[in-house]
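One structure below.
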Amino acid sequence: MVVAETQVYMPQAPRTRQRLLEDERWLAFVLLVPTMVLLGMFIAYPFVRGILLSVTNSRVGVPGDFVGLANYYKIWNDGIFHTSVYNTFLYTGVTTVFKLALGLWLALLLNRNFRGKAFTRAFILLPFIIPTVLSTFAWKWMFDPTFSVLNWLFYHLNLISGRINWLGDPDLAMISIIVVNVWRGVPFFAISLLAGLQTISPELNEAAAIDGAKPRQRFWYITWPLLLPVTMVVVLFSIIQTFADFQIVYVMTGGGPANATHLFATYAYQIGVGTGLLSEGAAISLAMFPILFLVVIVQLLYIRRVEVR
């Protein structure tokens, strides 16, 4: 007796699709497509559009003509732009140093065991959670020359004899925005460095303590080298965010008094949106890109070197 063999033919499309999904490279590409689309829409397109605007004489409602590097030459000879460059580096450098120092100090304190540690960690996050514009308005009222709580406090402590116009003096205005940025950025440093501290094995410090190492020596020779890679990554993110900061300065001073506190972002906004010179505003905003790109590359190379060590 002969039994006829029957073959079942499956459609080729599902089989081909299954093979493609089994290929890790193809599957990775499929999963990355939504991210690539979002990056293209919200990062790549605005960046390319900004480059195209910066080489024209476009204004609001006027497409403009190609002018090459004329806008860059114009801002290169602009005194306010020079002030903005200096302010941006000063603002970023000072705030990063203070945020790192205070954040590391808080992280070391929070890494200890004490009552209410969970509540303290949550409370420290408040400056970072509150919307930037809302918290900056509160700080602006605190620095108000008429209703300033700081002036009231310093007056009753006999530290001052009259009102201080915090946001009306160029130097004090810069100090004020630095204070607000440090206040807002310290929680990010503290929580990030705390996460790095908790990855360090306590046995290393215990062994060093048994060998007679003092707390400062244990920190310098054990904790800090192991925490350095995390620290460099946190500093890198902070520099990128601070270098392009806009909300704090715009709300508190608007770049004043007399353009004394302008940063790259605020001056680009004032020229591009405030006066309608879109091409010059784009040129100012893009002028920070080579500087920031160089800073990021140097830090990434340093981080790679530290990790190799």
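The values are calculated or read from the model by the stated rules, or taken from the named source; none is laboratory data. Owing to the predicted nature of the structure, the values given are computational and were not obtained by experimental measurement. Every residue, glycine among them, receives a Cβ derived from its backbone with ideal geometry; neighbour counts consider all protein chains shown.
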Query raised in the report: Taking only pairs six or more apart or across chains, which ones have beta-carbon atoms under 6 Å, a first residue in region 210-231 that is in contact (Cβ under 8 Å) with a residue 60 or more places away in the chain, and a second residue that is loosely packed, with under 12 Cβ neighbours inside 10 Å?
Result: Pro229/Glu307
Query - Counted residues, region 231-269 - those being within 30 Å of Glu206 (Cα to Cα) and at pLDDT below 90 - result: 2
Requested in this report: Report whether or not Pro187 is buried (at least 17 other Cβ atoms within 10 Å of the Cβ) and either under 19 Å from the mean Cα position of the chain (by Cα) or within 30 Å of Leu236 (Cβ to Cβ) (or both).
Outcome: yes
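Condition check ((1) polar (S, T, N, Q); (2) modelled with pLDDT under 80) across all residues:
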position	(1), (2)
Met10	no, yes
Arg17	no, yes
Leu52	no, no
Arg59	no, no
Val62	no, no
Val67	no, no
Asn71	yes, no
Trp76	no, no
Asn87	yes, no
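Results for (1) under 30 Å from His82 (Cα atoms); (2) hydroxyl-bearing (Ser, Thr, Tyr), shown as yes or no for each residue.
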{"position": "Gln198", "(1), (2)": "no, no"}
{"position": "Arg218", "(1), (2)": "no, no"}
{"position": "Thr231", "(1), (2)": "no, yes"}
{"position": "Ile248", "(1), (2)": "yes, no"}
**Report entry** Condition broken by Val55, with the remaining ones in (1) over 19 Å from the mean Cα position of the chain (by Cα); (2) within 26 Å of Ile239 (Cβ to Cβ) satisfied
**Finding:** (2)
Query raised in the report: If a residue has to be under 18 Å from the mean Cα position of the chain (by Cα) and either surrounded by 24 or more Cβ atoms within 10 Å (Cβ to Cβ) or of a type in the set (D, E, K, R) (or both) to count, how many in region 238-265 make the cut?
Result: 6
**Report entry** Residue under evaluation Val186, criteria (1) modelled with pLDDT under 90; (2) assigned to a helix (DSSP H, G or I), criterion not met
**Finding:** (1)
Query raised in the report: Is it fair to say Ser285 is part of a helix (DSSP H, G or I) and in contact with a strand residue (DSSP E or B) (Cβ under 8 Å, 6 or more places away or on another chain)?
Result: no
Query raised in the report: Name the residues in region 121-134 that are surrounded by 14 or more Cβ atoms within 10 Å (Cβ to Cβ) and without any contact (Cβ under 8 Å) to a residue 60 or more places away in the chain, would you?
Result: none
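So, Gly68, is that one small (Gly, Ala, Ser), surrounded by fewer than 18 Cβ atoms within 10 Å (Cβ to Cβ) and not in a loop (DSSP other than H, G, I, E, B) or not?
Working: small (Gly, Ala, Ser): yes; surrounded by fewer than 18 Cβ atoms within 10 Å (Cβ to Cβ): yes; not in a loop (DSSP other than H, G, I, E, B): no.
For Gly68, the condition - small (Gly, Ala, Ser), surrounded by fewer than 18 Cβ atoms within 10 Å (Cβ to Cβ) and not in a loop (DSSP other than H, G, I, E, B) - is not met.
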Query raised in the report: Is there a residue in region 267-277 that is in contact with a Leu (Cβ under 7 Å, 6 or more places away or on another chain) and touching a residue at least 40 places away in the same chain (Cβ under 8 Å)?
Result: no
